[in-house]
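Asker: Before we start, here is the structure in question, set down as structure tokens.
Read-outs: derived from the displayed coordinates by stated rules, not from any lab. Model, not experiment: these values are computed from the prediction. In this analysis, Cβ positions are derived from the backbone assuming ideal geometry, glycine residues included, and neighbour counts consider all displayed protein chains.
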Amino acid sequence: MRRNQALTTYKKGGIHPAEYKLTDKSPVQILPLPEKVTILLSQHIGVPAIPVVSKGDTVKVGQLIAQGKGFVSANIHSSVSGKVVKIDSLPDLTGYKKSAIVIEVEGDDWEENIIQSTDLLKDITLSKDEILEKIRESGIVGLGGAAFPSHVKLILPRDKKAEALIINGVECEPYLTSDHRLMLEYGEEMMVGIRILMKVLNVRKAMIGIENNKADAIYHLTDIASKFPGIEVYPLKVKYPQGSEKQLIEALTGREVPSRKLPVDVGVIVHNISTAYAVYEAVQKNKPLINRIVTVSGKSLKKPSNFVVRIGTSVRFLIEAAGGLPENTGKVISGGLMMGKALNSLDVPVIKGMSGILVIPEDETKRKPIEPCIRCSKCVTVCPMGLEPYLLMSLTQNGNFYRLEKEMVLDCLECGSCSYICPANRPLLDYIRLGKTDVKKII
Amino acid sequence: MSKLLTVSPSPHIYGKDTTPNLMYGVIIALIPVVLASILYFGWGAVIVISVAVISSVLFEFLIQRFLLQKKTTIQDGSAIITGLLLSLCLPSNFPVWLIIPGSLFAIGVGKLSFGGLGNNPFNPALVGRVFLFISFPAQMTSWPEAQGFQTQYIDATTGATPLNIIKEGLGKGDSISHLMDKIPTYQQLFFGNMGGSIGEVAAVALILGLAYLLLRKIITWHIPVSIILTVVIFTGILWLVNPAQNADPLFHILSGGILLGAIFMATDYVTSPMTGKGMIIYGICIGILTVVIRRFGSYPEGVQFAILIMNGFVPLINYYIKPKRFGEEVKNG
Amino acid sequence: MSSILIIILSLCSIGIVAAIILYLFAQKFKVPEDPIIHDVEDALPAANCGGCGYPSCKIFAEACVNSDSLDDLYCPVGGQETMDIVANLLGKEVKQTDPRVAVIRCSGSFENRPRTNHYDGASSCAVASALYVGDTDCPVGCLSMDDCVEVCEFEAIYMNRKTGLPVVIDEKCTACGACVEACPRDIIELRKQNKKDRHIFVSCINKEKGGIARKYCSVACIGCTKCFKVCEFEAITMGNNLAFIDSDMCALCRRCVTECPTNAILEINFPPRRTKTDEEKKTASDKISEKVKTDIKE
């Protein structure tokens, strides 16, 4: 169908980091249950959820344990069955303390209404509003990494109309293969999920964007897509950061989302491929978001794998399952190499937005000493948003926040291409990020 | 776990380019030029190049180590480039005792007085070259003929560069067609068999260098292409209007320092604009200024002045010329 | 001869014309300004540090002249003396404000606070603090990356590399508050300047429960309230597992210092205990100032 079509990509900037997709051939394994889980109450962008259970309560798998408060928030469900032993402040991925619920695992007792069988349920019986309510109840957030509550994205402003749904299967980060495996192993379920999203958004067209380095997924999904009207697979040229919403929209439709506007302003809505799968499970099987696929990878790991992990499992448990932490480990990263967060402790839990755990040896993580800027303009060339990172960094250091705002620092995706390319090893993104927070304070 | 984990902000992976890498890339690109100069000017070229390079590196080391008392940065290769570029725009019989103040001026005043690599507004090699050109015009404009590899240093027969011949001839009222007989053929111009600065004669070597720089992505096409195109168009117009008084575009490109300037001098990272659009504006202005100086000014060659003048405008270009922001086009759509 | 004359005359006339134009422009665009503003500005320290809350000394001078009372205006750098001069110039009353000095409320040196990870990013406390908890588990402790040192206009703070904590040089500190603003962890406080630069303060701002705080740092305030109970001057308040000594109420009796089980309360510039004679006191204070000097050299 589209196999012979010329590959598209976005125009401006971008880099080609090494891919290191070590786990793209390893089937998804189900991780055994841990002894206890720590479920953070702010796993999403927006207001933290409010606990609805108390210490000593017994909970089942899939039971609501914290309720989203306000519009931009998400429900949180127990990912295991057992006893609530603690509701307290515990370190999150940054090490700062956030409220969390700790549950000790006892057996594996699921809520009755969750359909546990793996049969494909293709017929979408619910109405649009019922689906939306299901998605909201199930606490689904964007699983690509940003963890923005999905139901908020599905409710369009009254005066706006979506023409197409874009499904993000790009996975442009090095190492990560969780979406790739999902597409190969749960392709049909995912397609049903996409149909559900299309029904909610009332669009006739869905475009799945997949980078060309996942040829098997492209072939597989193209085959399945013929059975689902309106869904088409688009192979894309490999380029980072194509998984960014704005870049993906441009690559697929040629439309550029203007500064501080939303995708719906150019008539599209973007959802991640694993979000589509979570939507399928929530709507067709009543299963809230309690587990996800996490890639545990790294060149020094004994058994890099893709795991289905219950939310709240500790990162240490995952790394043990992948063969244990190698002796020469320098960094453990949650997420991808380009945008992920380095962890300061292994005792942090898996959250909804965590797509991978990377173990990087010591000699590969050291930053080189900072040298003076030689104004080579490479950062300007690679910036996918057309910004001038060298300028934004020096403006941040000088505290010139009004000029920073004028130079559109808030458009920065924090993709890290500038820091990646800089020959003088300058921490461009470190300062730009600081500049962004400072500018947000003044406007 | 015995060892502590490292935490740093993203990204956690870095590209392979480093400042020394890029600098040594430029040096590699200059190798054909250096070889060509040695081929045509023999020991003279060897002496001029080695003295300029060694003295530049030495001055950078001495000033940083003893005067500024900072960490020395000679290993990044930028001083070598400054020395190389300075020597490549000198005649092969240039007195050694003048090369040394030239590189001192280039490194000391042109680069380190502004705060070292990355902070100099003007290309240090050109600063040195113009310093020598204005202070010692006699030595700077005695051009030995290219006579193939030879072992003499000072006593080579000297002659004029093609640009000099044209300039002086036109001044005396000769017509171009008459003068064209006196200058080397295009083939000689292309391969560098003529009088001139050691590095600017062999067009073919310079173009090889350009190809390498572009392939390794050390520079982008914007600056060299815009300079050369502007010169072609501008001199082309002049030539079409009055062929008797103006040389043709091909002659202008192949003679003098336009190629050396456009490929290696104007593209200097530190002193060129940051955006593609800015680079094109910068290149066009350099092209126009060069032709204006060549045709209407009193000097036969104008590339170095044109580049230095435009170096001064780079901060202004950077301030006003912004890259096209993402999503800008559809602002009204 | 005549050409020289022409040149002289033409140059002179150009000069005269230019002077006239300049004069006319100066008259036309003259900004009327109260000369007293200039006098007030001269009395100010001209550091343009922003400690008064105004962007520059001149604008502060304007504010002094234009406002009815000097109550809300205070130049921390010049201190009371400068404000008295300003008040004299303007014929206004100025309220008495105690001079203040910055103190670092963290004792989490490398010894006291185990490092739990290694930070390898841009060397800026603000960047590190926005990223994560820091290279120790303490979410409010000093990050030792010189943000306060860099922002100080008066070179009154330096970083002690051995402890990883900044040190304020009291004589140089003008209490402009730049470091207070720069510190992302808010551990710098402006406190009343006492005689001989003596201070007693709780050198910790951790609000965790005692046991957890102690795990982070051996000299953390654990909120045990012992100091609170021993204080006779009601200078100590407790809140969120943390003691706070009000510098305006504190009588510098030092009883709380001995009472503190974790040594979280610091006494600075006090003579060593049990030295009664004046001579010994003197040598002791000399030693301290010498130590400060050697620290600076390091």
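Asker: Listed here are the pairs A:K97/A:K441; A:K153/A:K199; A:K303/A:K368; which of them are more than 18 Å apart at the Cα?
Answerer: Details: A:K97/A:K441 23 Å; A:K153/A:K199 14 Å; A:K303/A:K368 30 Å.
Long pairs (Cα-Cα over 18 Å): A:K97/A:K441; A:K303/A:K368.
Asker: Where in chain A are the DSSP H helices whose alpha-carbon span along the long axis reaches 18 Å or more and whose Kyte-Doolittle mean is at least 0.5?
Answerer: Answer set is A:187-201.
Asker: Give the relative contact order (percent, whole number) for the range A:44-131; include only Cα pairs under 8 Å separated by 6+ residues.
Answerer: Across the range A:44-131, relative contact order equals 24 percent.
Asker: Based on other C-beta atoms within 10 Å, arrange B:S177, C:S218, A:S150, A:S377 from fewest to most.
Answerer: Ascending number of Cβ neighbours within 10 Å: B:S177, C:S218, A:S377, A:S150.
Asker: What's the whole-number percent of alpha carbon pairs in the protein assembly as shown lying beyond 42 angstrom?
Answerer: Percent of Cα pairs beyond 42 Å in the protein assembly as shown: 56.
Asker: Would you kindly derive the ³J(HN,Hα) couplings of the range B:19-32 from the backbone phi angles with the Karplus curve 6.51 cos²θ - 1.76 cosθ + 1.60 (θ = phi - 60°), listing them in order in whole Hz, with x for Gly and Pro?
Answerer: 4, x, 3, 5, 5, 5, x, 4, 5, 4, 5, 7, 4, x
Asker: Right, next: Out of the DSSP beta bridges found with both residues in chain A, what percent are antiparallel (nearest 5)? All intermediate terms of the calculation are to be shown ahead of the outcome.
Answerer: Numbers: 36 of 61 bridges.
Bridges in chain A are about 60 percent antiparallel.
Asker: I've got another one for you. For the range A:42-161, compute Rg over Rh where Rg is the Cα radius of gyration and Rh is the Kirkwood radius from the inverse mean 1/r over Cα pairs.
Answerer: Result for the range A:42-161 is an Rg/Rh of 1.01.
Asker: Using +1 at the Cβ of each Lys and Arg and -1 at the Cβ of each Asp and Glu in the protein assembly as shown, identify which of C:A182, B:L58, A:Y280 lies farthest towards the dipole's positive end.
Answerer: A:Y280
Asker: Still on this structure, I have one more. Taking Rh as the Kirkwood radius computed over C-alpha pairs, what is the Stokes-Einstein D of the range B:220-333 at 20 °C in a medium of viscosity 1.002 mPa s, expressed in µm² per second?
Answerer: 146
Asker: Just the Cα atoms of the range C:40-136: what Rg and Dmax do they give in Å?
Answerer: Considering the range C:40-136 through its Cα atoms, Rg and Dmax are 20.2, 59 Å.
Asker: Follow-up. Would you mind giving the mean number of other chain beta-carbons within 10 Å of the Cβ of each residue in C:136-142, as a whole number?
Answerer: Numbers: counts 2, 5, 1, 5, 0, 0, 0.
Going residue by residue through C:136-142 and averaging, the value is 2.
Asker: Also: Tell me which aspartates and glutamates have Cα within less than 16 Å of B:K182's Cα, excluding those fewer than 8 residues away on the same chain?
Answerer: B:E145, B:E168, B:D174, B:D248
Asker: With θ set to phi - 60° and the Karplus curve 6.51 cos²θ - 1.76 cosθ + 1.60, what are the ³J(HN,Hα) couplings of the range B:178-185 in order, to the nearest whole Hz, using x for Gly and Pro?
Answerer: Running phi through 6.51 cos²θ - 1.76 cosθ + 1.60 with θ = phi - 60° gives 6, 5, 4, 5, 7, 8, x, 6 Hz.
Asker: If amide H atoms are built 1.01 Å from N in the plane of the peptide, which residues on other chains or at least 5 residues away come under 5 Å of the amide H of A:V61?
Answerer: A:S81, A:D109, A:W110, A:E111
Asker: For chain B, what does the relative contact order come out to in percent, with C-alpha contacts under 8 Å and a separation of six or more?
Answerer: 18
Asker: Can you divide the C-alpha Rg of the range A:128-285 by 2.2 N^0.38 Å and report the result to two decimal places?
Answerer: Working: Rg = 14.3 Å, N = 158, 2.2 N^0.38 = 15.1 Å.
Normalised Cα radius of gyration, the range A:128-285: 0.95.
Asker: Tilt of helix B:124-135 relative to the longest C-alpha principal axis of chain B, in degrees (0 to 90, nearest 10)?
Answerer: That works out to roughly 30 degrees.
Asker: Quick check of the Kirkwood formula: for chain C, what is the inverse mean of 1/r over all pairs of different Cα atoms, in Å? Don't skip to the end; give the middle numbers.
Answerer: Details: mean 1/r = 0.0440 Å⁻¹.
Averaging 1/r across every pair of different Cα atoms and inverting gives 22.8 Å.
Asker: I'd like the projected area of the range C:119-175, averaged over all directions, using the convex hull of its alpha carbons. Report it in nm² with one decimal.
Answerer: Result: 4.3 nm².
Asker: Check each of the trypsin sites (Lys or Arg not before Pro) in the range C:203-247 and keep only those in coil by DSSP with at most 13 other C-beta atoms within 10 angstrom; list them in order.
Answerer: When the trypsin sites (Lys or Arg not before Pro) of the range C:203-247 are filtered for loop state and at most 13 Cβ neighbours within 10 Å, C:K209 remain.
Asker: Also, quick follow-up: By average Cβ neighbour count within 10 Å, what is the ranking of C:32-44, A:301-313, B:122-134 from highest down?
Answerer: In descending order of packing, they fall as B:122-134, A:301-313, C:32-44.
Asker: Averaging over every viewing direction, what projected area does the convex hull of the Cα atoms of the range A:247-324 cover, in nm²?
Answerer: 8.0
Asker: A follow-up question, please. Taking 2.2 N^0.38 Å as the expected size of a compact globular protein, what ratio does the Cα radius of gyration of the range A:378-442 give against it, to two decimals?
Answerer: That ratio works out to 0.97.
Asker: For the range A:366-443 and the range C:143-207, what is the centre-to-centre distance using only Cα atoms, to the nearest Å?
Answerer: First find each Cα centre; the distance between them is then 29 Å.
Asker: Using helices alone, I'd like the mean residue ellipticity at 222 nm for the protein assembly as shown: each DSSP H run of four-plus residues gives -39500 (n - 2.57), total over residue count, nearest 500.
Answerer: My calculation for the protein assembly as shown gives -11500 deg cm²/dmol from helical runs alone.
Asker: Moving to a separate point now. Relative to the longest principal Cα axis of chain C, at what angle does helix C:278-297 sit, 0 to 90 degrees, rounded to 10?
Answerer: 60
Asker: From the mean inverse distance of alpha carbon pairs (Kirkwood) and the Cα radius of gyration, derive Rg over Rh for the range C:10-79.
Answerer: With Rh from the inverse mean 1/r over Cα pairs, Rg/Rh is 1.26.
Asker: Oh, and also: Which value results for Rg/Rh of the range A:98-209 when Rg is the Cα radius of gyration and Rh the Kirkwood radius based on the inverse mean 1/r? Walk me through the numbers on the way to the answer.
Answerer: Numbers: Rg = 16.3 Å, Rh = 16.5 Å.
With Rg and the Kirkwood Rh in hand, the quotient comes to 0.99.
Asker: Taking the convex hull of the Cα atoms, report for the range C:85-213 its projected area averaged over all directions, in nm². Walk me through the numbers before you get to the answer.
Answerer: Details: hull surface 40.1 nm².
Answer in nm², one decimal: 10.0.
Asker: Trypsin sites (Lys or Arg not before Pro), restricted to the range B:1-110: which are DSSP loop and have at most 10 other Cβ atoms within 10 Å?
Answerer: Filter output for the range B:1-110: B:K16, B:K71.
Asker: On C-alpha positions alone, give me the angle between the axis of helix B:78-88 and the longest principal axis of chain B, in degrees, nearest 10.
Answerer: That helix lies at roughly 0 degrees to the long axis.
Asker: Follow-up question, since we're still on this one. Translational diffusion coefficient, Stokes-Einstein: compute it for chain A using the Kirkwood radius over C-alpha pairs as Rh, at 4 °C and 1.567 mPa s, and state it as an integer in µm² s⁻¹.
Answerer: 58
Asker: Further question: For the range A:351-404, what Kirkwood radius comes out of the mean inverse Cα-Cα distance, in Å?
Answerer: 14.5
Asker: Next up: Write down, largest first, the equivalent ellipsoid semi-axes of the range A:207-305 in whole Å, where each equals the square root of 5 times an eigenvalue of the alpha-carbon gyration tensor.
Answerer: 24, 20, 17
Asker: Could you state, as a whole-number percent, how many of the C-alpha pairs of the range A:10-98 are farther apart than 14 Å?
Answerer: Details: 2890 of 3916 pairs.
Above the 14 Å cut-off, the range A:10-98 has 74 percent of its Cα pairs.
Asker: Would you compute, for the Cα atoms of the range B:19-140, the largest minus smallest coordinate along each principal axis and list the three values in descending order, in whole Å?
Answerer: That gives 40, 32, 23 Å along the principal axes, largest extent first.
Asker: Where Lys and Arg each count +1 and Asp and Glu each count -1, what net charge lies around C:V257 among other residues with Cβ under 12 Å from its Cβ?
Answerer: Neighbour charge sum, excluding C:V257 itself: +3.
Asker: Please average, across the residues of B:213-222, the number of beta carbons from any other chain that are within 10 Å of each residue's own beta carbon, and give a whole number.
Answerer: The shielding value for this peptide is 1.
Asker: Between the range B:192-224 and the range B:264-333, how many Å separate their Cα centres?
Answerer: Measuring centre to centre over Cα atoms gives 19 Å.
Asker: Apply the Karplus curve 6.51 cos²θ - 1.76 cosθ + 1.60, θ = phi - 60°, to the phi angles in the range C:108-119 and return the couplings in whole Hz, x for Gly and Pro.
Answerer: x, 6, 4, 6, 7, 10, x, 7, 9, 7, 10, 8
Asker: Need one value for A:379-386: mean number of C-beta atoms belonging to other chains within 10 Å of its residues' C-beta atoms. Walk me through the intermediate numbers first.
Answerer: Values: counts 1, 8, 6, 1, 3, 1, 4, 8.
So the per-residue partner count for this stretch is 4.
Asker: Per Stokes-Einstein, at 4 °C and 1.567 mPa s, what whole-number D in µm² s⁻¹ belongs to the range A:274-370, with the Kirkwood radius over Cα pairs as the hydrodynamic radius?
Answerer: 91
Asker: Considering only DSSP states other than H, G, I, E and B, which GluC sites (Glu not before Pro) in the range A:93-152 qualify as loop sites with at most 16 other Cβ atoms within 10 Å?
Answerer: A:E106, A:E112
Asker: Additional query: By DSSP, what percent of the beta bridges with both residues in the protein assembly as shown are antiparallel, rounded to the nearest 5?
Answerer: 65
Asker: Can you give me the pair-distance distribution of chain B, C-alpha pairs, 20 Å bins, whole percents?
Answerer: 31, 55, 13, 2, 0
Asker: Which cross-chain or sequence-distant (5 or more) residues have an amide H under 5 Å from the amide H of A:C383, H modelled 1.01 Å from N in plane?
Answerer: The answer is A:G14.
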